[in-house]
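Everything below concerns the one structure shown next.
The values are calculated or read from the model by the stated rules, or taken from the named source; none is laboratory data. Remember, it's a predicted structure, so these values are computed and weren't measured experimentally. Virtual Cβ from ideal backbone geometry, glycine too; neighbours counted across all protein chains shown.
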Amino acid sequence: MFHLGGKGSKKNKIKFIPIEEVNSKDPESKSNYATIDDIRPLEWYVHPDSLQHLDNSTHSSIIGAIKPNMQSRVETQTLYFTDLKSGRSGFVQLVYSSVINGLYKGFQLNFKIFGSEKKSSKDIWETYKLDNLMSFRPLRVEFDDVLFEFVRSDKKNESGGDVIAQLNIKVDIRPKPSENQGRLKIDLKADLYQGYMINPNGCSYYLDKAVSSVSQVEKGGDQDISSKMLRHLFIPRGRCSGTISYTDSKGENDIKLTLSDVPISYIDAVQGLLPNKAAKSWNFLCYQSENYSILCMEYTTTEEYGNDTVTIYSITNKEKITKLISCVNKCKVVYDKTIEDKDNGWSYPTSIAFPMDFSEPELNLVNRYDIMEELPLIVKKIAQNIANVKPYIYQYCQKSSFENEEGISIIESTFIS
């Protein structure tokens, strides 16, 4: 049963249909989520040959009722890594963007590395626009200097469960001196364990025209309904080995990191509408320790779509997902303490509590990031003309603990409008 979004809409009209609500401890909610235990769901959703578009009947009739709308599509594939020995964490992210009916299309690579200790001097953030696309297939994207590829695996994890796929990432970017970017070389192999998507097919839907009930959408009774959506696929646990080397454009910041069987998480996210329409704020947690992994993703929709807060979180213990929750306007992330950013007016957290009895009383801010600065020029011009849009990400990394086990947490709080 769908939760009815849009709590603030007039006469109970619905413009937002969120994912199903799930409590993995409740047998009745097992049909509300899908376990990812095969390579196929890892295909690029935006790829026209992806099988993700062909197997919707098992999830909900709502998917078939909503008409295609490719006005805006952004998909990110992100590998988060945590080196518990060195205390260094980060992510490698491949981004595909197609906006304004395809007026702009392209890939970019985002790379972030930071330390869990305060006052770390070697935090890195780089964004590279990728050219010379050689191959784009559902499970493989290749440029002359970047490869993201999923391959089947017959390996077992530490608990004897299946490795559902191996993600191979190879990067050898040598920017021109005029580009003022660092030299980046990555060679990683990541074993991905069991994951999940909340039904239907990981998607929450945003309707162009308000409807009185979800059944109206399922019956296809309104031809003005579009497929603007958010979609998330989560792999909370895996293991990664390989090397990362980076030298900044001035040759002053040189990092060489060897990862040996370190814990990782992987997330595929699709955004089928402009960021300022999808949500006004986000919160994110990725915690890793020797045995535990915690993921939490939360977003709050804009007033147009009812100010609904969708929260998804999972706990993994020794490669097995032991708890999975998704809820709407319940179990929210709480900012225990905040500081006002004088430059933009946002009150960002310095102490935060997540709904799975996980809190950080003293956050270690490693990056304050103006999203607008990294948008493609044509998208940036559009966003700058939208009133009250000031997108900023506040990123944190710190030593943490869960169930009396020491680990490291990556936390992000994002404010858009």
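Among the residues making up segment 14-44, those that are without any contact (Cβ under 8 Å) to a residue 40 or more places away in the chain and either within 26 Å of L139 (Cα to Cα) or among the polar types (S, T, N, Q) (or both) are S29, R40.
No other residue among T35, T82, T127, T76 is under 19 Å from the mean Cα position of the chain (by Cα), modelled with pLDDT of 70 or more and farther than 26 Å from M197 by Cβ apart from T127. Under the condition of being part of a loop (DSSP other than H, G, I, E, B) and either under 20 Å from the mean Cα position of the chain (by Cα) or within 30 Å of L324 (Cβ to Cβ) (or both), the residues counted in segment 165-194 number 2. The residues in segment 256-282 that are buried (at least 17 other Cβ atoms within 10 Å of the Cβ), over 14 Å from the mean Cα position of the chain (by Cα) and either of a type in the set (A, V, I, L, M, F, W, C) or in a strand (DSSP E or B) (or both) can be counted, and the count is 6. Looking across segment 139-164, the residues that are outside any loop (DSSP other than H, G, I, E, B), out of contact with any Ser or Thr (no Cβ under 6 Å at 6 or more places or on another chain) and at pLDDT 95 or above come down to R140, V141, F143, V146, L147, F148, E149, F150, V151. The condition (being at pLDDT below 90 and more than 18 Å from Y299 (Cβ to Cβ)) is satisfied by just one residue among I244, I225, I264: I225.
Selection of first residues in segment 355-371 that are closer than 13 Å to L295 by Cα and of second residues that are polar (S, T, N, Q) and buried (at least 17 other Cβ atoms within 10 Å of the Cβ), restricted to Cβ pairs under 7 Å at least 6 apart or on distinct chains, gives the following pairs, ordered by first then second residue: P355/T311. Could you check segment 283-307 and list, in sequence order, the residues that are buried (at least 22 other Cβ atoms within 10 Å of the Cβ), in contact with a Pro (Cβ under 8 Å, 6 or more places away or on another chain) and not β-branched (V, I, T)? Answer for segment 283-307, where residues must be buried (at least 22 other Cβ atoms within 10 Å of the Cβ), in contact with a Pro (Cβ under 8 Å, 6 or more places away or on another chain) and not β-branched (V, I, T): Q288, S293, L295, C296.
Applying the condition of being among the charged types (D, E, K, R) and part of a loop (DSSP other than H, G, I, E, B) to segment 296-354 and asking which residue is nearest to K228 (Cα to Cα) yields D308. Checking each residue in segment 123-173 for being surrounded by fewer than 17 Cβ atoms within 10 Å (Cβ to Cβ) and in contact with a helix residue (DSSP H, G or I) (Cβ under 6 Å, 6 or more places away or on another chain) picks out only T127. The residues of segment 110-150 that are within 15 Å of Q395 (Cβ to Cβ) and among the polar types (S, T, N, Q), listed by number, are N110, S116, S120, T127.
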